[in-house]
Amino acid sequence: MRYLSIVREGISIINNSWQLVFLHVISAFISFVCFFLIVGIPISIAFVIFGLDLTEILRSKDVIEVVRHSLNLLKKYFAMGLVVILSILIYFTVVVVLWLFTISGTVGTIAKIIRGELSKYAFKFFLSEGKRLFFPIFGYSAIIGIFFLFLAFLLGLLGGSISSIIEIAKSREAVLALFLGIFFSAIIFITGLLLIVFVLSLTVYGIAHVAFEKKGPIKTFKQTIKYIYVQPASVIFYSFLLVCSLIAIFIIILFGTPIVLIPILGPILSPLYQIMTVFLQAYINLVVFASAFLYFYEYITQQKENNKLRLEGEHALDVSQN
């Protein structure tokens with residue numbers, strides 16, 4: 001099966017560039033530490049300085065009281081609110097920059113290996129690719145985010161319309177309303193699932209397009225949609241990768257459950273297994289990236305070859321006519 005051979009090639013690429021797995025784990029660890037340094041510590045200090053008292057909120061009996069007490073606290077502790085908001089904004093900025101640079105360096109390295117420009121991971125190429133692809137991938141990610149919000153908005157409108165239909169059906173026939181509720185719920189679930197897979201495919205293949213073709217975010221978005229339209233099997237392949245990765249991660253987590261139950265050794269082995277799980281999840285995610293990139297590169301290589309043959313044929317025809 002062609003899918004399995006591509007996955008094997010993807011595994012081989014990541015095995016030869018295993019340092020990328022460590023870099024992703026280090027990025028996750030830095031993000032975790034930054035939360036405490038940038039968000040946790042400033043908020044804790046602000047609690048002490050401003051003497052925040054949450055007992056009024058805890059004694060609230062309903063949502064309206066919670067909101068009212070929260071607004072009163074915001075007026076009373078406005079400076080602390082600014083500290084919290086600023087800390088969260090700085091944290092998200094740091095994490096987004098860190099992860100974008102890590103992803104940019106990773107996909108750039110994988111693309112170079114697939115093109116044959118690099119035999120295995122090299123830190124200097126990782127840094128150069130991270131800097132080169134940072135803003136293109138940032139721009140493309142922003143477009144994908146806006147596109148996803150637009151689709152979510154349309155799905156929300158669909159859900160609202162369906163709710164109105166069900167409410168009308170309830171006033172006339174309870175059995176019909178129950179049937180319509182189950183039927184439309186299934187439709188919304190399936191539609192939402194398909195949209196998520198579509199957006200994820202658009203994200204991965206678009207990033208591959210940025211890495212291989214070196215084009216702007218808007219042009220990349222248009223050409224990636226065209227690619228998925230012309231090559232719908234690409235979504236099927238990515239769905240195959242996604243399902244396999246989820247199954248593998250589920251099995252890894254499942255195997256870790258009995259370790260906690262081991263007497264005496266359980267509490268010792270469990271943290272070690274959790275660390276190993278993080279590494280394995282990073283490895284699996286990188287294999288998915290590499291396999292999707294290989295699939296995309298195979299397609300664009302074939303397209304370039306077909307265009308080359310077509311141009312040569314047209315040139316030969318012109319020469320024969322002259």
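The values are calculated or read from the model by the stated rules, or taken from the named source; none is laboratory data. Quick caveat: nothing in here was measured; it's all calculated off a predicted structure. So basically every Cβ, Gly included, is an ideal-geometry build from the backbone, and we count neighbours across all protein chains shown.
Can Lys120 be described as within 22 Å of Tyr297 (Cα to Cα), outside any helix (DSSP H, G or I) and touching a residue at least 12 places away in the same chain (Cβ under 8 Å)? Against the criterion (within 22 Å of Tyr297 (Cα to Cα), outside any helix (DSSP H, G or I) and touching a residue at least 12 places away in the same chain (Cβ under 8 Å)), Lys120 qualifies. Contact map, the stretch 289-302: first residue assigned to a helix (DSSP H, G or I), second residue of a type in the set (D, E, K, R), Cβ cut-off under 7 Å, separation 6 or more or different chains; pairs are Leu294/Glu9.
Can you confirm whether Gly145 is farther than 30 Å from Gly116 by Cα, assigned to a helix (DSSP H, G or I) and small (Gly, Ala, Ser)? Explain how you work it out, then say what you get.
On the way: farther than 30 Å from Gly116 by Cα: yes; assigned to a helix (DSSP H, G or I): yes; small (Gly, Ala, Ser): yes.
Answer is yes for this residue.
Residue-level check: of (1) farther than 19 Å from Gln223 by Cβ; (2) modelled with pLDDT of 80 or more, Ser161 misses just (2). Could you tell me whether the stretch 260-279 includes any residue that is modelled with pLDDT under 90, under 18 Å from Gly10 (Cβ atoms) and in a helix (DSSP H, G or I)? Yes.
Considering the stretch 111-145, the residues that are under 24 Å from the mean Cα position of the chain (by Cα) and among the hydroxyl-bearing types (Ser, Thr, Tyr) include one that is surrounded by the fewest Cβ atoms within 10 Å (Cβ to Cβ), namely Ser128.
Regarding Ile259, is this residue surrounded by 14 or more Cβ atoms within 10 Å (Cβ to Cβ), of a type in the set (Val, Ile, Thr) and farther than 30 Å from Gly206 by Cα? Answer is yes for this residue. Scanning the stretch 151-167 for residues that are over 17 Å from the mean Cα position of the chain (by Cα) and within 25 Å of Ile225 (Cβ to Cβ) gives Phe153, Leu154, Leu155, Gly156, Leu157, Leu158, Gly159. Listed by first and then second residue, the pairs with beta-carbon distance under 7 Å, at least 6 apart or on different chains, first residue in the stretch 5-18 and more than 18 Å from Phe240 (Cα to Cα) and in contact (Cβ under 8 Å) with a residue 60 or more places away in the chain, second basic (Lys, Arg) and in a loop (DSSP other than H, G, I, E, B), are Asn16/Lys120; Ser17/Lys120.
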